[in-house]
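Chemist: Next up is a structure, given as C-alpha cells.
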Amino acid sequence: MISLDFYIAFIFATISLILIPGPVVTITVAISLARGAKYGIVTVSGATLGTAVLLSIGSIGMVWFSKVLTELLTVLRRVGSAYSIFLGIKQFFNLSAKAPIVNKVSSSIPGVLLAGFLAAFSNPKTMLFCVAFSPQFLNVSTPIGPQLWLLSITFVGIAF
C-alpha cells in the first residue's frame, strides 16, 4: 500500500492543484453568485461526479480510452477554450448582473448538475492528474489498483 509519507505528500499536492482556478471553479462561482448557494452545491456535486468518472476510467487502466479519444478531446478542449474566451470578452463588455455562462445553463437542478459534470469531465487538468500526477505517489512493489482507488477517492473528496 501507499506509505503514509507519500499519502500526506499527495494530499498537499492535491490541495495545491485544486486551488488553481479552472473551469469548474469559474462555473461554480458564476452559478452560485447568480442563483445562490443551493445551485452552487449542485454544480460542485456535478463536477465531483465528472471528476470521479474521469478518475475511475484512469484507475481501471483504460488508458486506451483516452488514446482513442485524444483527437476528439483536443477538439473539445479547443472549442471550450475559444468559447470561454468569447464568454469572458462578452462579459467584459457587458456589465449585466448575470455572467453569460449562467444564462446558458438551465435553471433546473438537473441542468446545473449536468453543467458541473461537463465542466469537470472536459477539464484537461483532471486528465493530466490521472496520467502524470498520481503515478508519482504509487508504490510499485505493491498492487497498484487499490492505491489508485485510494488516491482517486482522496482527490475527489478534496475537490468536493
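All of the numbers you see were taken from the coordinates with simple rules; none came from a lab. Bear in mind the structure is a predicted one, so any value in this text is a computation, not a measurement. When we count neighbours, we look across all protein chains shown, and the Cβ atoms used for this are built from the backbone with ideal geometry, even at glycine.
Chemist: Arrange the following residues from fewest to most other Cβ atoms within 10 Å of their Cβ: Leu4, Leu33.
Modeler: With the sparsest Cβ surroundings first, the list reads Leu4, Leu33.
Chemist: Using 1/(1 + (r/R0)^6) with R0 = 35 angstrom and r between the beta carbons of Ala37 and Val140, what's the FRET efficiency to the nearest 0.05?
Modeler: 0.20
Chemist: At 7 Å along the Cα-to-beta-carbon direction for both Ile85 and Ile153, put a label point, then send me their distance in nm to one decimal.
Modeler: 4.2
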